[in-house]
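Readers should treat all values here as calculations from the given coordinates under stated rules, not as data from a laboratory. All figures in this text were calculated on a predicted structure; none of them were measured in a lab. Every residue, glycine among them, receives a Cβ derived from its backbone with ideal geometry; neighbour counts consider all protein chains shown.
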Amino acid sequence: MIGIDLIKIDRMARLMEKFGNKALQRFLSDDEILLIKSPRNAAGFWAAKEAFSKALGTGIGSQCGFHDITLSKNDRGAPKLAFSDKLKDEFKLKEAALSITHDGEYAIAVVTINKS
């Protein structure tokens, strides 16, 4: 299954300016927030979580919340994606792959999910 999401970086910048850290806490854990260096990074993380939920076929909501999805980086700085045991069990998830890119005013993420 494949999911994709696109967000305008300026939209994230406005949210961060208006709500500060509370904007980030809405969709990121404390450890994820430590990885955010700019609205550009935050927008990429938002797009990644939205793309995952779309690949799952649910979107963000009661079945799959932002905090059911965890983002980190490997030793080379590439983004990694993990998901809660709840999602793993309910949707029979095996693994997921993530790619995030930025181009001009936009952040884009693509996620593929393999089910067992």
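Whole-Hz Karplus values for the stretch 22-31 come out as 4, 4, 6, 5, 4, 10, 10, 7, 4, 5 Hz, taken residue by residue from phi with 6.51 cos²θ - 1.76 cosθ + 1.60 and θ = phi - 60°; glycine and proline positions read x.
Label-to-label distance, Lys88 versus Ala13, with points set 7 angstrom from Cα along the beta-carbon direction: 3.9 nm. Across the stretch 103-111, coupling constants 3J(HN,Hα) worked out from phi with the 6.51/-1.76/1.60 Karplus curve, θ = phi - 60°, read 9, x, 8, 10, 10, 10, 9, 10, 10 Hz, and Gly and Pro carry x. Around the amide H of Phe83, modelled in the peptide plane, lie the amide H atoms of Thr70, all under 5 Å away and 5 or more residues distant in sequence or on another chain. Quantify how much of the Cα-Cα distance distribution of the chain extends past 19 Å, in percent. Percent of Cα pairs beyond 19 Å in the chain: 41.
What is the stretch 2-115's relative contact order, in percent, from Cα pairs under 8 angstrom and six or more apart in sequence?
Details: 196 pairs, mean separation 40.2, N = 114.
About 35 percent, as a whole number.
Here the dipole of the chain is about 80 debye; that uses its Cα centre as origin and unit charges on the Cβ of Lys and Arg (positive) and Asp and Glu (negative).
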